[in-house]
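Taking it in order: structure first as structure tokens, then the write-up.
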Amino acid sequence: MSKFILSLDQGTTSSRAIIFNHDGEIVAIAQREFTQIYPHAGWVEHDPMEIWTTQLSVAAEVIVKAGLSARDINSIGITNQRETTVVWDKETGIPVYNAIVWQDRRTSAYCDEIKAKGLAKNIQEKTGLIIDSYFSATKAKWILDNVDGAREKAEAGKLAFGTIDSWLIWKLTAGKTHVTDVTNASRTMIYNIHTLEWDNELLDLFGIPKQMLPEVKSSSEVYGETAGNILAAKMPIAGIAGDQQSALFGQMCIEPGMVKNTYGTGCFMLMNIGKEPKMSSNNLLTTIAWKINGEVCYALEGSIFIGGAVVQWLRDEMGFISKSADVETLAKKVPDTQGVYVVPAFAGLGAPHWDQHARGTITGLTRGTNKSHIARAALESIAYQTMDVLKAMEADADVSIAELRVDGGATANNLLMQFQADLLKCKVIRPEVTEVTAIGAAYLAGLATGFWGSIDEIRSQWKINKTFSAPEGIDNTERIKGWNRAVRAARVCAED
Ligand SMILES: Nc1ncnc2c1ncn2[C@@H]1O[C@H](COP(=O)(O)OP(=O)(O)O)[C@@H](O)[C@H]1O
Ligand SMILES: O=P(O)(O)OC[C@H](O)CO
């Protein structure tokens, strides 16, 4: 049997390819950033062809970097930015419009309309989701409504809809395979997470023709193989999961009650809730964590739209730092924020507030405020937002969370991780392999092909790098009061 798994991690800002060996160790990584397109305020698009070409090129590059040939690859696992929507022509394989990215807010007003019609409860019961422009359905509707001739073509069965996993698999198989997996389907707002079917009533509501939808598969099975001319040798594609579910699996949060938080562009906290899709009473999402060997596992999720992206904003828009890692040094120059709070509601607020109209706000400025205070407050905002989600999760699950497994680019920041532990008063645990998103998809693929025999065989590969804990007796009352006040300001400032 070939000795390596190739994981394709198609994220919001870059396409990555990572090769793992049988011990779950990284053999090589290749990564390429691609263009972020902002046609109007609040709109975010990607060029699907650029997503495809960057993903394909890093896949080819990583095999060479590892000193391997395509024949050494046992199988491919795919994990992807979720919700981002592509519609393409089935005959030509050409997208009819750019990919509308999960962060895109263009359909907010339409979402307000359907909320006003009182549809929130029905939609939550079926899909586990809260009505928001974040999810794919209203993005697909927008394309069908706004691209000339698209609706007619879609009704005639000539167009395909897909999240990024579907799009990549279509391209990798040269148009032979149009599939997605349950985790990605559960982010569209047209998929019923109880019956595990596309929901006809919701398809009617959004005007999305069923014939354009992919077939929904499990997260771990052989879906097809790469076309002969794509990567030197044919390879089975055997695992698919949305990136946050993939990270939950890669963190080995395989028992109910286990929780992870990924600190990337946004932050996404997921708790494994087992085999029953319990609905949230605290503004969290219920989502499918994975389906393996016919068994579905569900998760509660709190989605925070701006996490590490607030550091990118300090770097790119404010010019405070030249690279993200420098934020730690800048923030450490002051012992605290002197009462300054940053609420990075640049794309509204996600869980648990779900306020599409809130906007970024800085409160508590004084004549003595300097860059370091603002940098520290920006970093702390990542931890405060995480706290809000964790509290909602504790209330929903009726538990006290004692341990949070963390991953993603911003977890390299020890100041942030320590502040997070102080605030949550729980153990914040960073694993040795921080590429847990990619390894999750690798595990799903390797389990499908027999590369790994069982979950038990891989669970011991997860190892702790560092645990952060709060000092005894720490009192967060005042700082949390200040944060809540700042969140209120971010919501009020956009009221009119
Ligand atoms: N040392 C650091 N401190 C804080 N944030 C960081 C640090 N290093 C990277 N980041 C942030 O982490 C994010 C990148 O993490 P990554 O997991 O690669 O994200 P994604 O998969 O969403 O593209 C960026 O937003 C970046 O600003
Ligand atoms: O690409 P990431 O890591 O920012 O993840 C994006 C999420 O999947 C959006 O739901």
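The values are calculated or read from the model by the stated rules, or taken from the named source; none is laboratory data. Since we're looking at a predicted model, the values are computed, not measured. FYI the Cβ positions are ideal-geometry reconstructions off the backbone, even for glycines, and counts take in every protein chain you see. Note: accessible area is taken over every heavy atom of the protein model, side chains too, but ligands, DNA and RNA are not part of it. Shrake-Rupley method; radii C 1.70, N 1.55, O 1.52, S 1.80 Å.
This model, with +1 at the C-beta of Lys and Arg and -1 at the C-beta of Asp and Glu, gives the chain a dipole about its Cα centre of some 700 debye. Projecting the Cα atoms of ALA397, GLN356, ILE374 onto the charge dipole of the range 354-414 (Cβ charges, centred on the Cα centre) puts ILE374 farthest toward the positive pole. Summed over all non-identical Cα pairs, the Kirkwood treatment of the chain gives a radius of 22.8 Å. Our coupling estimate for the range 274-280, obtained by passing each phi through the Karplus curve with A = 6.51, B = -1.76, C = 1.60 and θ = phi - 60°, is x, 8, 10, x, 5, 7, 7 Hz, Gly and Pro reported as x.
Sorting ASP388, ASP398, ASP316 on solvent-accessible area from highest to lowest, probe radius 1.4 Å, gives ASP398, ASP316, ASP388. Among beta bridges identified by DSSP and lying wholly in the chain, the antiparallel ones come to about 70 percent. Under the convention that each Lys and Arg Cβ holds +1 and each Asp and Glu Cβ holds -1, the size of the dipole of the range 191-262 around its Cα centre is about 300 debye. Measuring against 31 Å, Cα to Cα, the residue pairs LYS153/LYS176; LYS90/LYS275; LYS65/LYS171; LYS323/LYS466 contain LYS90/LYS275 as the ones spanning a longer distance.
Around the Cα centre of the range 10-73, unit charges on the Cβ atoms of Lys, Arg, Asp and Glu (plus for the first two, minus for the last two) sum to a dipole of about 100 debye. Among the listed pairs LYS158/LYS210; LYS126/LYS291; LYS158/LYS234; LYS260/LYS427, those with a Cα-Cα distance over 20 Å are LYS158/LYS234. With the charge dipole of the chain set up from +1 on Lys and Arg Cβ and -1 on Asp and Glu Cβ about the Cα centre, the Cα lying farthest toward the positive end among the listed residues PRO214, VAL406, LEU202 is that of VAL406. Per residue, the accessible area of the chain comes to 37 Å², computed with a 1.4 Å probe over protein heavy atoms only.
Listed by chain and number, the aspartates and glutamates whose C-alpha is less than 17 Å from the C-alpha of LYS371, apart from same-chain residues fewer than 8 away, are ASP316, GLU317, ASP326, GLU328, ASP336, GLU380. 3J(HN,Hα) along the range 339-345, derived from phi through the Karplus expression 6.51 cos²θ - 1.76 cosθ + 1.60 where θ = phi - 60°, amounts to x, 8, 10, 10, 10, x, 7 Hz, with x in place of Gly and Pro.
With both partners inside the range 1-131, how many of the DSSP beta bridges are antiparallel, as a percent to the nearest 5?
Of those bridges, close to 70 percent are antiparallel.
Screening the chain for DSSP H helices whose Cα atoms reach 27 Å or more along their own axis and whose mean Kyte hydropathy is at least -1.0 gives 371-397.
In terms of the mean number of neighbouring beta-carbon atoms within 10 Å, the peptides 332-344, 68-80 order highest first as 68-80, 332-344.
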